[in-house]
Amino acid sequence: MNRRDWLKASALATGSLPFMAGAWNGLAAMTAPGVKHNTSRRLTDAEFQAQAPGELKARLFANENPFGPSDKAKKAIIDSIANSYQYPFMRLGELEEKITAFEGIQKAQLLLSAGSSPLLMAAAICFCKDGGNVVTGDPTYEDLPQCAERLGAKWIKVPLTADYKMDLDAMEKAVNADTKLVYICNPNNPTATAVDTEKLKAFCERVSKKVTVFVDEAYIDYLPDPQSVTLVDGVKKGQNLIVARTFSKLYGFAGLRVGYIISQPSILQNMEKFTKDKYAISALALPAAIASYQDQPFLQDALKKTIASKEYLYKVLKEEGYEYIPSVANFVMFPLKMDGQRFVEEMMKRGVGLRNWQFNNQEWCRISIGRMDEMEAFAAAFKELS
């Protein structure tokens, strides 16, 4: 779902992918040699909101972190309320210093904003305002390519591989003289899969010599070792890359809105023309981000709870005879045995909010990982329909 509309592999793989080999092989076989083009049919956001009950037992439609934000972030918000009448630009440098020090980058390589959505839009406008095309996997997160389409650019959709990952070889072949941007969401939304790190780094090194590559790392904090997976090193090497990060996921800032991109100074200078950048961050969100950035005890605790809820979900699905795509993020995609829109509507009647997709001639549900009580509410409602 659109971030703006909703306010807007190893340790993790081992702990969160207890998937039977036979079941996974069967699911992957459904897609060989690759996933067919997405023919998504799902409720619009307006329709979804109209059907949502006043209170939900389980809010599992927006890939939020229901365990956050951290206590440090909450205290920072409370402490900042008295001075929230002031513009917060005096503290922007603190967050920039924390990020640049941790990532080992220069201040000129960093652009902050109120969540990553304004930065996705800025990239679409900056690169596609005069047409051309943007190459993405399919299905993937749609904000940037949809914006590019509205500007008159063509959206080239490259089907995923048989195991629901970005087909980097096919995406590279899809790049042509009119390509303005290649967009890669890794881990990918809605499939919750990640591509091989070394293959992605090699892809970016090659392709960025021809066209700018935008790597959206919104869910990277759910991986066991984000620093070994990120493409920030490519930026530091001078590659033509844009790397996006957000506090909206594991940090629990979906409603607070803080995000940033890391890229070459010349790229950021052009993109700044099309976004309100760091000055859009609120006086409450900024100190919260400063307080919680790289708060490892909190992040690891939220990750541990996410894995526990995900393992419970896997167990429920298997008990009901359902397969699923092994997930490295905070949501899971599984194929349905009934019409997707009807499934979402019936679950909503039972107080459980979900989202559906349709691709590869199959109806799918994407379920965000919630608190254990929310997963139990899902299980109770799901068993009535499964």
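The values are calculated or read from the model by the stated rules, or taken from the named source; none is laboratory data. The structure presented is a predicted model; accordingly, all values stated were derived computationally and were not measured. Note that we place each Cβ from the backbone using ideal geometry, even for glycine, and neighbour counts take in every protein chain shown.
What's the total number of residues in region 171-198 that are outside any strand (DSSP E or B), within 17 Å of THR212 (Cα to Cα) and not polar (S, T, N, Q)? I'd like the intermediate steps shown before the answer.
Narrowing region 171-198 to residues outside any strand (DSSP E or B): 171-178, 186-198.
Checking the rest, the ones that are also within 17 Å of THR212 (Cα to Cα) come to 171-178, 186.
Of the ones still in play, those that are also not polar (S, T, N, Q) are 171-175, 177-178.
Number satisfying all stated conditions: 7.
PHE274 satisfies every condition listed in (1) crowded, with 23+ Cβ neighbours inside 10 Å; (2) in contact with a Cys (Cβ under 6 Å, 6 or more places away or on another chain); (3) among the hydrophobic types (A, V, I, L, M, F, W, C) except (1).
I'd like to know if region 204-217 contains one or more residues that are out of contact with any Leu (no Cβ under 7 Å at 6 or more places or on another chain), in a loop (DSSP other than H, G, I, E, B) and within 29 Å of ALA101 (Cβ to Cβ). Step through it out loud before you land on a result.
First, the residues of region 204-217 that are out of contact with any Leu (no Cβ under 7 Å at 6 or more places or on another chain): 205-207, 209-210, 216-217.
From what's left, in a loop (DSSP other than H, G, I, E, B): 209-210, 217.
Within this subset, residues satisfying the condition of being within 29 Å of ALA101 (Cβ to Cβ) are 217.
Yes, region 204-217 has at least one match.
Do we find a residue being under 16 Å from TYR251 (Cβ atoms), among the basic types (Lys, Arg) and modelled with pLDDT of 95 or more anywhere in region 343-366? Don't jump to the end; show me each part of the working.
Of the residues in region 343-366, the ones under 16 Å from TYR251 (Cβ atoms) are none.
Checked against the condition, which is being under 16 Å from TYR251 (Cβ atoms), among the basic types (Lys, Arg) and modelled with pLDDT of 95 or more, region 343-366 yields no hits at all.
Hey, does region 248-266 have a residue that's assigned by TED's automatic domain parsing to the domain that holds TRP364, hydroxyl-bearing (Ser, Thr, Tyr) and within 15 Å of the chain's Cα centre (by Cα)?
Residues of region 248-266 assigned by TED's automatic domain parsing to the domain that holds TRP364: none.
Taking every residue of region 248-266 in turn, none turns out to be assigned by TED's automatic domain parsing to the domain that holds TRP364, hydroxyl-bearing (Ser, Thr, Tyr) and within 15 Å of the chain's Cα centre (by Cα).
For region 180-207, which residues satisfy the criterion of being surrounded by fewer than 21 Cβ atoms within 10 Å (Cβ to Cβ) and not aliphatic (A, V, I, L, M)? ASP196, THR197, GLU198, LYS199, LYS201, GLU205, ARG206 - these are the residues of region 180-207 that are surrounded by fewer than 21 Cβ atoms within 10 Å (Cβ to Cβ) and not aliphatic (A, V, I, L, M).
Consider region 219-242. How many of its residues are closer than 20 Å to LEU111 by Cα and either crowded, with 24+ Cβ neighbours inside 10 Å or of a type in the set (Lys, Arg) (or both)? Number of matching residues: 8.
With respect to ASP216, determine if the residue is within 17 Å of LEU168 (Cβ to Cβ) and either crowded, with 23+ Cβ neighbours inside 10 Å or modelled with pLDDT under 95 (or both).
Values: within 17 Å of LEU168 (Cβ to Cβ): yes; either crowded, with 23+ Cβ neighbours inside 10 Å or modelled with pLDDT under 95 (or both): yes.
Considered against the rule, which asks whether it is within 17 Å of LEU168 (Cβ to Cβ) and either crowded, with 23+ Cβ neighbours inside 10 Å or modelled with pLDDT under 95 (or both), ASP216 comes out as yes.
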